[in-house]
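Reviewing the structure listed below.
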Ligand code: CO8
């Protein structure tokens, strides 16, 4: 597949997607959103892929938001369609059977912050900056930011960040629970790769099941979530990995899990 706005690399089951519009700080225009949407569809069907890393080209930005030069020409109708396209693409990230890590190498503003929030977790460079500056443009977040940020760091903190359009550095984002780990810029991708390799060494079915149960579980009450968990726990035994993992422990050897 040919990509105009993305760089796609795959090695040993780990896919790296680089959002590639560095001159516009990787701003999300309609073309980029459509390409990423198509790539996510393809990844869902690729059994070899165990982990996806999502990052931005250049050393300045992950994504500096939706493309403001496109937003400037929208009306209510086209803005809603654009928001829907972005939301639908970002929702696919949670539905992928493999983990997706946002590797935030710089500005993650507006739609960029929302894209990072849609990933399963975030590693950030010390230079990363997060924020939802939409109010400064007379707008609100439209790619799920009002919802995912509030779920992640609590409604009051999310509202303060949205209402003030305040930018926060990676360390503060980690204190708030937005970011899992802050890494020196030079080592960011290396650290993310290490985590990806560690995840890729587990059984793929069990990783997928854990992902789906966490995502679905936070949307429902605890009793329903635990019900989903035990059903998924049962499903683990449909894969040979459960026998291999438990057997390897008892035989004091390293488990060798299936590849897909
Ligand atoms: N869209 C388009 N172009 C952008 C964007 C953007 N979001 N951000 C930066 N650029 C471009 C600049 O215009 C500039 O282009 P040029 O060189 O041609 O003038 C180039 O990238 C470099 O940017 P700067 O010169 O501004 O770089 P600085 O280092 O001075 O500043 C900042 C970096 C602070 C990131 C600054 O560029 C900035 O504030 N950008 C905008 C951030 C922002 O407001 N983002 C939110 C956008 S709105 C949004 O994301 C809504 C999402 C939901 C949409 C729902 C659908 C309707």
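Just so you know, all these numbers are worked out from the coordinates, no wet-lab data involved. What you see is a predicted model; the values in this text were computed from it and never measured. Cβ placement follows ideal geometry from the backbone for every residue including glycine, while neighbour counts extend to all protein chains displayed.
Annotations for the structure displayed:
- Estimated purely from DSSP H runs of n ≥ 4, each contributing -39500 (n - 2.57), the mean residue ellipticity at 222 nm for the chain is -15000 deg cm²/dmol once divided by its residues.
- Our Cα-only numbers for region 38-117 put the radius of gyration and Dmax at 14.0, 42 Å.
- In percent, rounded to a whole number, the relative contact order of region 71-197 is 26, using alpha-carbon pairs under 8 Å and six or more apart.
- The alpha carbon gyration tensor of region 91-153 gives principal lengths a ≥ b ≥ c with a/c of 1.5 or higher and a/b no greater than b/c, which makes the shape oblate.
- Sorted on the mean count of surrounding Cβ atoms within 10 Å across their residues, most packed first, peptides 144-150, 235-241 read 144-150, 235-241.
- A simple packing score, the average count of other Cβ atoms within 10 Å per residue, orders the peptides 14-27, 99-112, 207-220 as 99-112, 14-27, 207-220, with the highest score first.
- With neighbours defined as other Cβ atoms within 10 Å of a residue's Cβ, the residues 181, 253 order from fewest to most as 253, 181.
- Three-way shape call for region 116-222 based on the alpha-carbon gyration tensor, with the a/c threshold at 1.5: oblate
- Per-residue Cβ neighbour counts within 10 Å put 8, 123, 227 in the sequence 227, 8, 123, beginning with the fewest.
- Exposure proxy order (Cβ contacts within 10 Å, fewest to most) of 246, 55: 246, 55
- Rounded, prolate or oblate (a/c below 1.5 giving rounded, otherwise prolate when a/b exceeds b/c) for region 1-91 by Cα gyration tensor: oblate
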